[in-house]
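Below: the structure, in structure tokens.
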Ligand SMILES: *Cc1c(COP(=O)(O)O)cnc(C)c1O
């Protein structure tokens with residue numbers, strides 16, 4: 001049964017947190033005339049490194065570029081394998097393909113949605129060079145277990161922490177971590193990314209690679225190696241610095257919206273991320289999981305019903321191995337990673353940002369309740 005909606009609302013899945021101080025920061029750069037390779041890049045890098053608790057941060061054009069440069073700087077290439085999770089955004093696997101190496105998927109822990117360390121270890125072969133895990137939805141992967149496996153087998157660790165800025169420990173447990181600053185992330189510059197690491201050599205290599213392979217002293221037209229233009233302009237670094245200063249407040253406000261959802265959705269036939277509450281997670285999205293008995297295609301139907309009520313929900317994540325490109329390039333089929341597929345078929349991201357008011361959350365929850373009823377998903381979890 002649908003409930004009546006007097007005024008059609010439109011609640012977006014995400015919205016950025018930009019305030020007047022951010023706008024002033026950008027204007028300052030514009031007035032300076034220093035638009036790229038200027039002082040705001042280094043300033044943001046040192047602020048980010050301090051905030052995350054690492055020695056070095058290297059700002060790059062987006063999170064995918066950060067992942068790519070980590071893979072490249074670690075010397076991973078053709079013939080190499082990297083064990084990784086299928087339940088993620090496609091970039092965490094594509095970055096391995098960019099260097100001609102092979103992503104070898106291992107299944108997830110269905111309770112945390114993160115790479116299952118035992119499955120990861122079972123996927124290791126003599127060609128494995130690294131394990132790339134993702135801090136899915138801001139919740140840390142099981143880094144202590146992954147670290148023990150990496151030491152035992154002589155592997156490097158890569159942290160795709162693009163969704164986890166503000167979660168204590170994000171980006172610190174691996175050889176390097178990648179952050180992303182797309183508008184749905186905790187802080188944003190529209191596009192942007194950064195590598196964080198304690199390894200000065202890796203950071204130096206990343207700085208050369210992001211700048212067309214130019215030597216570290218930036219002699220104007222000397223290119224030491226094949227590089228890219230993955231630079232992040234000063235305007236965007238200033239915007240990120242300005243938001244980074246508010247990160248604790250942003251994380252806190254997001255946690256409050258998550259708590260509202262936890263409250264309002266209690267008792268519905270859904271698995272809620274209530275356990276995350278006490279883990280200090282920096283919330284990236286608020287994801288609910290449909291129960292096991294939900295009929296096939298229920299996820300798509302619930303998302304479509306929510307859209308009818310002006311609620312933009314997200315189909316996070318379709319497992320990477322089932323993406324059309326991966327199916328056609330590698331021949332993957334359903335049934336290969338059953339836990340990732342189970343979770344992927346049931347998880348729905350609800351609208352989530354610091355801008356959501358109590359009334360918005362209320363509206364989303366009513367729309368969700370009605371969508372569950374319409375699709376005959378009832379009873380206790
Ligand atoms: C956002 C994100 C990225 C990076 O995305 P860009 O759009 O390239 O900044 C990578 N991995 C995950 C898991 C992400 O959520």
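Quick check on my filter: what residues within the range 332-359 are touching a helix residue (DSSP H, G or I) at 6+ places or on another chain (Cβ under 9 Å) and in a helix (DSSP H, G or I)?
Result: 339, 340, 341, 344, 358.
Has the range 204-214 got at least one residue that is farther than 20 Å from residue 36 by Cβ and either away from the ligand (no atom under 16 Å from the Cβ) or touching a residue at least 40 places away in the same chain (Cβ under 8 Å) (or both)?
Yes, the range 204-214 contains a residue that is farther than 20 Å from residue 36 by Cβ and either away from the ligand (no atom under 16 Å from the Cβ) or touching a residue at least 40 places away in the same chain (Cβ under 8 Å) (or both).
Could you figure out which of (1) more than 15 Å from the ligand (Cβ to nearest atom); (2) touching a residue at least 12 places away in the same chain (Cβ under 8 Å); (3) out of contact with any strand residue (DSSP E or B) (no Cβ under 9 Å at 6 or more places or on another chain) isn't true of residue 167?
(1)
Could you list, in sequence order, the residues of the range 304-331 that are within 16 Å of the ligand (Cβ to nearest atom), touching a helix residue (DSSP H, G or I) at 6+ places or on another chain (Cβ under 7 Å) and not in a helix (DSSP H, G or I)?
Those that are within 16 Å of the ligand (Cβ to nearest atom), touching a helix residue (DSSP H, G or I) at 6+ places or on another chain (Cβ under 7 Å) and not in a helix (DSSP H, G or I): 315, 317, 318, 319.
Within the range 232-254, is there a residue that is assigned to a loop (DSSP other than H, G, I, E, B), modelled with pLDDT of 95 or more and touching a strand residue (DSSP E or B) at 6+ places or on another chain (Cβ under 7 Å)?
Yes, the range 232-254 has at least one match.
Count, please, the residues in the range 187-203 that happen to be in a strand (DSSP E or B) and within 11 Å of the ligand (Cβ to nearest atom).
So the answer is 2.
Do we find a residue being surrounded by 18 or more Cβ atoms within 10 Å (Cβ to Cβ), farther than 30 Å from residue 286 by Cβ and within 16 Å of the ligand (Cβ to nearest atom) anywhere in the range 179-186?
No, the range 179-186 has no match at all.
Within the range 270-303, how many residues turn out to be loosely packed, with under 15 Cβ neighbours inside 10 Å, modelled with pLDDT of 90 or more and in a helix (DSSP H, G or I)?
The qualifying residues number 1.
Restricting the search to the range 258-285, which residues are within 20 Å of the chain's Cα centre (by Cα) and more than 24 Å from residue 373 (Cα to Cα)?
Result: 275, 276, 277, 279, 280, 281, 282, 283, 284.
Do any helices (runs of 4 or more DSSP H) lying entirely in the range 56-134 carry at least 3 residues that are farther than 22 Å from residue 208 by Cβ and more than 16 Å from the ligand (Cβ to nearest atom), and which ones are they?
117-122
Condition first: more than 9 Å from the ligand (Cβ to nearest atom) and touching a helix residue (DSSP H, G or I) at 6+ places or on another chain (Cβ under 6 Å). Now tell me which residues in the range 150-163 satisfy that.
Correct list: 157, 158.
Need the failing condition index for residue 147 against (1) within 16 Å of the ligand (Cβ to nearest atom); (2) surrounded by fewer than 24 Cβ atoms within 10 Å (Cβ to Cβ); (3) outside any loop (DSSP other than H, G, I, E, B), just the number.
Status for residue 147: all satisfied but (1).
The values are calculated or read from the model by the stated rules, or taken from the named source; none is laboratory data. Just so you know, these numbers come straight off a predicted model, no measurement behind them. Note that we place each Cβ from the backbone using ideal geometry, even for glycine, and neighbour counts take in every protein chain shown.
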